[in-house]
1. First check a/c for the stretch 289-490, with a ≥ b ≥ c the square roots of the eigenvalues of its C-alpha gyration tensor; if it is under 1.5, answer rounded, and if not, answer prolate when a/b is larger than b/c or oblate otherwise.
2. For the stretch 561-574, what does the Karplus curve 6.51 cos²θ - 1.76 cosθ + 1.60, with θ = phi - 60°, yield as ³J(HN,Hα) per residue in whole Hz, taken in order and with x for Gly and Pro?
3. Given the rule -39500 (n - 2.57) for each run of at least 4 DSSP H residues, summed and divided by the residues of the chain, what is its mean residue ellipticity at 222 nm, to the nearest 500 deg cm²/dmol?
4. Expressed as a fraction of 2.2 N^0.38 Å, the rule-of-thumb size for a compact globular protein of N residues, what is the C-alpha radius of gyration of the chain?
5. In whole Hz and in residue order, list the ³J(HN,Hα) couplings for the stretch 39-46 that follow from phi through the Karplus curve 6.51 cos²θ - 1.76 cosθ + 1.60, θ = phi - 60°; x for Gly and Pro.
6. Going from the alpha-carbon gyration tensor of the stretch 498-591, what semi-axes, largest first and in whole Å, does one get by taking the root of 5 times each eigenvalue?
7. Ratio of Rg to Rh for the stretch 1-66, alpha carbon only, Kirkwood?
8. Classify the stretch 520-673: rounded, prolate or oblate, from the alpha-carbon gyration tensor (a ≥ b ≥ c, eigenvalue square roots; a/c under 1.5 rounded; otherwise prolate if a/b is larger than b/c)?
Amino acid sequence: MDTKTYLLILLAAAVALAIAVFQYFYKQKGRSKIHIFLAFLRFLSLFLIFLLLINPTIENKIVETEKPRLAIAVDNSSSIGLLDNNTQVTDIVSALSNNTSLSDKFDIDFFSFNEDVNRLDSLNFSVNKTNIIATLQSLDNLYNTSDALILITDGNQTLGSDYSYFKAKPRINTVAIGDTIPHEDLKITKVNANRYSFLNNTFPVEIFINYNGKSKVSSNLTVSNGASIVFKRTISLNTDKNSERITFTTKADRVGALNYRVSLSPLSDEINKINNRTNFSVEVIDEQSNIAIISSITHPDLGMLKRSIESNKQRKVTLMEASKANNLNEYQLVILYQPDREFNKLFEYLNENLTNYFVITGTETDWNFLNTVQEDFSKSTINQSEEYQASRNTTYSSFVVDDIDFENLPPLVSTFGTAKFNVPYEIILYQTINNIETENALMATFSLNNRRGAVLFGEGIWKWRAYSYSNTKSFVDFDRFMNKLIQYLSIKKRLNRLDLDYQPIVYQNDNINISATYFNSNYTVDTRANLSVTIRKNKSNEVKSFPLRLSGQSYIGSISDLESGEYAFTVTVDGQNVKRSGSFTVLDYNIEQQFTYADVNSLKNLATTNGGSFYHNANFEELSRALLENDSYRPIQRSTMKRFTLIDWKWLLGFTALFLSLEWFIRKYYGKI
């Protein structure tokens, strides 16, 4: 409180005392004890009233002592259990949690991690993925430079970027779990093959083999498809030549998933033989969609469209100049980029053959020509460009449009004007100008007389794919959207009332995701049905069934506990004679089984980079002593000044009422009223 407040309180006390004395002693003949007591009550009640009117601010200093924090992150991935190191880990965690000296000095938090990091509940060492860098980044956001972090792990990471030189705010100490001495080991480190191939085509296979040891060794490499051996070679490795790259080609001789097994004959004293074998699979396709992109100008959109569409290996894109484009009979879809008068013969062909087409317009589009050469849509324009952002139409029903953050995509550029459709159409994306959504179409599809078309009123869509990559670190989301549009435009008429989306080849322990879109008898999306899926393993005929849940306009289901093998599945619409089948292959592969010893170098580098030390599980008790003896971990006293006003003290008002009431009752009792 300042000096002015103190003076006001003194003045309030003086005024309250003066009033009490005046009322009970001025011109009074006697001064009994009752008068003195009543004057005191009057003084207290008046003083409290004046005090509440002044309402001074009271400051209270609170001092709190905070201990430094210690985060203990424990590896809970399957690589710990596979090498029988789970007992070592649980013993270390138990010893640290029961160390009273540590808990007296630190506020300790335990975490477990595999592909994610969570508060430690229990350890089961069952997840086949390890992401150490994501764990470090998450904990770095929770702790500061005065804290400490203990990382208990074998150091073997299967997801994420290199963690060994990650710089964190807390000091990091690492504890290596497992054997730190490398054993002689021969392993298949990587197999590269096309995910898709066309029937009767040959495709390349690339195999990388590594050897860790000091002897000269030889092994037989075999690649087989079922009972048939497609490739075989004897390899020789030693200390100087400790790796080899082997390539060969093989033929895709039947449609469907071709499963291959790669194996190395093990060394006589090899401990880990699991990494001597692996599997890969190739999906063989018997058909391909041909798409033509025609333009009379050069633009970044053209190359982007080709790459995006060809991300689906069942599609082949050909770029053509408008003046040289011919022989379009083999193309299921023609994309016309910013048409001008050089497209005149092309439109004659498209209109004559009722070929599906997709028009992309922009600042170079000749709208006078385009408005006269086709009758599906038109646009009245002025000689001025405008930027348009996108807003998704959530009720679009011809196919499912996933939200790829359309509202934040970079704007497209086109000539200013209003478009008009002369055939039945449906808007995919609305135009947004200066953050105001309009009813005008930015992208729309239309159909008439068994012919489909689409139009995009803007150039610069290459920026959308670049933005999607910068936002998600992948082109997948944008390419999926583009390929759904291309799939819709590539067919004359929808033949199926169920569209299925799934991966035909997955690895064991990965999620198998099945997505289905259901169309009613009018071939519009219907979200009122109940869908279920039945999965059957081909060899054992083991069956699993479960319902699909509605998500947006699709029905999705996920399962992750399937053994390796080939599976068939059927999606059924309850109460309708509508079903569709598919198949997928689960490959037997566990990357956590590829490691035989702890990654000591990475753990040492991580500890050194962050001012900590490296320990082996056999001497982890030295870490506890080092933390206790380290004077840099000290408790911090924090003082907090809390301010509050007397008006918040409701009990003062209660005392004021009590004093006034007591005074009234006493005066009443003695006949003073």
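Derivation of every value follows stated rules applied to the coordinates shown; laboratory data play no part. Computed from a prediction, not measured in an experiment: that's the story for all the values here.
1. Rounded.
2. Once θ is set to phi - 60°, the couplings for the stretch 561-574 become 10, 8, 6, 5, x, 9, 10, 10, 9, 9, 9, 10, 8, 4 Hz.
3. Values: 14 runs with 169 residues, N = 673.
About -8000 deg cm²/dmol.
4. Details: Rg = 38.4 Å, N = 673, 2.2 N^0.38 = 26.1 Å.
Output field value: 1.47.
5. 5, 5, 5, 5, 4, 5, 5, 5
6. Taking √(5λ) for each eigenvalue gives 26, 13, 10 Å, largest first.
7. Details: Rg = 16.9 Å, Rh = 13.8 Å.
Taking Rg over the Kirkwood Rh, I get 1.22.
8. Values: a/c = 4.90, a/b = 1.52, b/c = 3.22.
Note, shape of the stretch 520-673 comes out oblate.
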